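Chemist: Attaching a single structure in structure tokens format; questions to follow.
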Amino acid sequence: MIQVLLVDSDPSAREMAGARLGEEPDFILETSSSPEEALALLRSERFDVIIAEEGLPGMGGLEFFRCIRETGDQVPFILFTGQGSPELLCRSMDAEADFYLEKGPNPHVQYTSLVYLIRRAVRRARGSQEEHEFSRFSLDHISEGVLWTDGRGTILSANRAAARLLAREERDLLGAGIREILPILAGFFTGTGSGDPVLHETQVTDGTGNTFPAILKLHTLRHRGADYHCVILRDISARRVADQHVHALKEFYEGILESAHDGIWVTDADDVIYYLNPALEQMTGYPRRSLLERNFLRDTGAGRMEALRPFYEDAREHMRTVAFDSVPVTAATGIPLFVSGWFTPVRDPGGHFDGMIASAHDVTDRKMTGDAYQLANRKLHLMSSVTRHDILNQLMVLRSYLEMGEEMAKDPELRGFIGKERAAAEAIQRLIGFTRDYQEIGVHAPLWQPVRDILIRVRSMVDVHGVALEEDVGDLEVFADPLLEKVFYNLIDNAIRHGGTLTWIRFSAQRDGQDLLITCEDNGIGVPPHEKERIFGHGAGKNMGFGLFLVREILSINGISIRENGQPGRGARFEIRVPPGSYRYRGERGGSAVAAAGQSRTRSLPGR
């Protein structure tokens, strides 16, 4: 019978080994989850062979093996590991473990090999003829080439990977000199080797004359009074190609950064600037050397980029791209600059902050031009307001005198002239009112506005003369100029004035592709075909036509259009087309989602 001790911290691995090895009728298997537990078992029981994983908790498999040997126990030891590498193979050989076997993807092959090695170890321990020392290692499970030589450099063993990489038969390698196979190692074998590994990166010529880049690693160990060498051969052709590709990409992107017109700089995980392009140097006037290796948050503050700090910290804290616009920074000359740009954080493989890429564009000219424009606009606005106020005052005086003259005039013809003069004065007053409304278009920033709330407010301001006002817009909100209220006011006023015998006006909203249509329709007399576009012109209509002209102008500020699409004799139908991104339903944010569209119901608007 063969007493086997398996030491592995993985319960599933112990269970699998128990099932596989339990199929052998002469095996008695004992398992342990830790080296400490196994050492306790060895003090009370005797085993014919020990199998251990390298990645054990507390101490590795080889360290566990050394603890066994320190007690004088020469029980055969097999390192059965899933963490295999040529370096681990050499370490196991140096420690004089009996066998080394890597766990592979095929359980049947894996455990068949393990059973074979167990029996070989037990046979040898029980006095069988000792086989060649290096044939005990399962080298063919390793992807790197492995060659074992004696102290003079004669090859004693070579695995399949070595034969494949060197394009030679295994039998041709055995007994050959390592100097002829790998000439770069000739100097190493002329002297006395040491126990320290030696590393070479070189070009290797195979048996067909082809060359490939490789890393050669040499381990020297002393075994039973003699020196032996383990040569590990690793083909790095794929890595070289990848390195060349990375280098080409690096040059490509550096070329883009160096020639960019915008200033670009990059910081590391500690916020230290390690790259900036010429454009940033030229924009700010600061020499590159005065910014490189400086902490962006700590060393570029006062007098330089202090105003950019909150945007950088926001991007760093929330790990998102943060844009900034017209932020003041100070150039080397002391002159303020205004810049726009963004900060984009870089993540490491674990998703943590690993640096920042930043870009800045000089918008000083734009900012100064915009400020000058705003100042001029404010002055024009003030002048227009003052002028309009003065004209309205004079109109009030004029209309008062006209009314007095009309009352005093006895001649019917004279009264007729005065009536026409008064009508002209009223027209002038309406024109002045129009200039006030038109001046306000685009002055204030657009905002999200609930359509139903606007309709309720407008209904309270208009005398509809018994006409029913209905809405079916749900919780629709539109992103438009604050004068949107005047749009709906003028549409209702236009219908009341020109609809004839209408009895109802209805507002509704429905999706049309990606757009949204807000319709205002009535059951009045409608609009003749030749008038459908003309009614939006300046001065059209029966009352100077400013209402619909103003409606179209207000909507166009934010890319919203309007047209009349009704049938003459059956009522007018005005269609307001709102593009994606400029409408939403209350409770939703951004985009043009219309989940609530079609779910509302027609409701009458409350009257005054």
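The values are calculated or read from the model by the stated rules, or taken from the named source; none is laboratory data. This is a predicted model, so every value here is computed, not measured. All Cβ positions, glycine included, derive from the backbone under ideal geometry; neighbour counts span all protein chains shown. Side chains included, ligands, DNA and RNA excluded: accessible areas come from the protein's heavy atoms. Shrake-Rupley method; radii C 1.70, N 1.55, O 1.52, S 1.80 Å.
Chemist: Given the options Pro35, Pro25, name the one that is open to solvent by less than 30 Å² (accessible area, probe 1.4 Å) and either closer than 30 Å to His229 by Cβ or not hydroxyl-bearing (Ser, Thr, Tyr) (or both).
Modeler: On the way: Pro25 fails: open to solvent by less than 30 Å² (accessible area, probe 1.4 Å).
Unique residue meeting the criteria: Pro35.
Chemist: Another question, if that's okay. Grab the strands (runs of 3 or more DSSP E) fully contained in region 1-102, keeping just those with 1 or more residues being within 30 Å of Val146 (Cα to Cα) and touching a strand residue (DSSP E or B) at 6+ places or on another chain (Cβ under 8 Å).
Modeler: Filter on region 1-102 gives 2-7, 49-52, 77-81, 99-102.
Chemist: Collect the residues in region 329-376 that are surrounded by 13 or more Cβ atoms within 10 Å (Cβ to Cβ) and farther than 15 Å from Gly263 by Cβ, keeping them in residue-number order.
Modeler: To start, the set of residues in region 329-376 that are surrounded by 13 or more Cβ atoms within 10 Å (Cβ to Cβ) comprises 329-332, 337-346, 353-364, 366-367, 370.
Within region 329-376, Pro345, Val346, Phe353, Asp354, Gly355, Arg366, Lys367, Gly370 qualify.
Chemist: Considering (1) within 27 Å of the chain's Cα centre (by Cα); (2) without any contact (Cβ under 8 Å) to a residue 40 or more places away in the chain; (3) open to solvent by 50 Å² or more (accessible area, probe 1.4 Å), say which one Met305 fails and leave the rest.
Modeler: Looking at each condition in turn, Met305 falls short on (3).
Chemist: Out of the helices (runs of 4 or more DSSP H) lying entirely within region 227-344, which hold 1 or more residues that are under 30 Å from Gly145 (Cα atoms), modelled with pLDDT of 90 or more and of a type outside the set (Asp, Glu)?
Modeler: Hits in region 227-344: none.
Chemist: Next question, about the same structure. Do we have any residue at all in region 240-252 that's open to solvent by less than 40 Å² (accessible area, probe 1.4 Å) and not basic (Lys, Arg)?
Modeler: So the first thing to find is which residues in region 240-252 are open to solvent by less than 40 Å² (accessible area, probe 1.4 Å), and the list is none.
Within region 240-252, not a single residue is open to solvent by less than 40 Å² (accessible area, probe 1.4 Å) and not basic (Lys, Arg).
Chemist: So if I check each of Ala279, Ala331, which one is touching an Asp or Glu at 6+ places or on another chain (Cβ under 7 Å) and among the small types (Gly, Ala, Ser)?
Modeler: Selected residue: Ala279, the only one of Ala279, Ala331 that is touching an Asp or Glu at 6+ places or on another chain (Cβ under 7 Å) and among the small types (Gly, Ala, Ser).
Chemist: Check off (1) closer than 24 Å to Asn558 by Cβ; (2) assigned to a loop (DSSP other than H, G, I, E, B); (3) hydroxyl-bearing (Ser, Thr, Tyr) for Thr435 and give me the number that stays unchecked.
Modeler: Answer for Thr435: the failing condition is (2).
Chemist: Scan region 278-288 and give yes if some residue there is closer than 23 Å to Ile256 by Cα, touching a residue at least 60 places away in the same chain (Cβ under 8 Å) and not hydrophobic (A, V, I, L, M, F, W, C), otherwise no.
Modeler: No.
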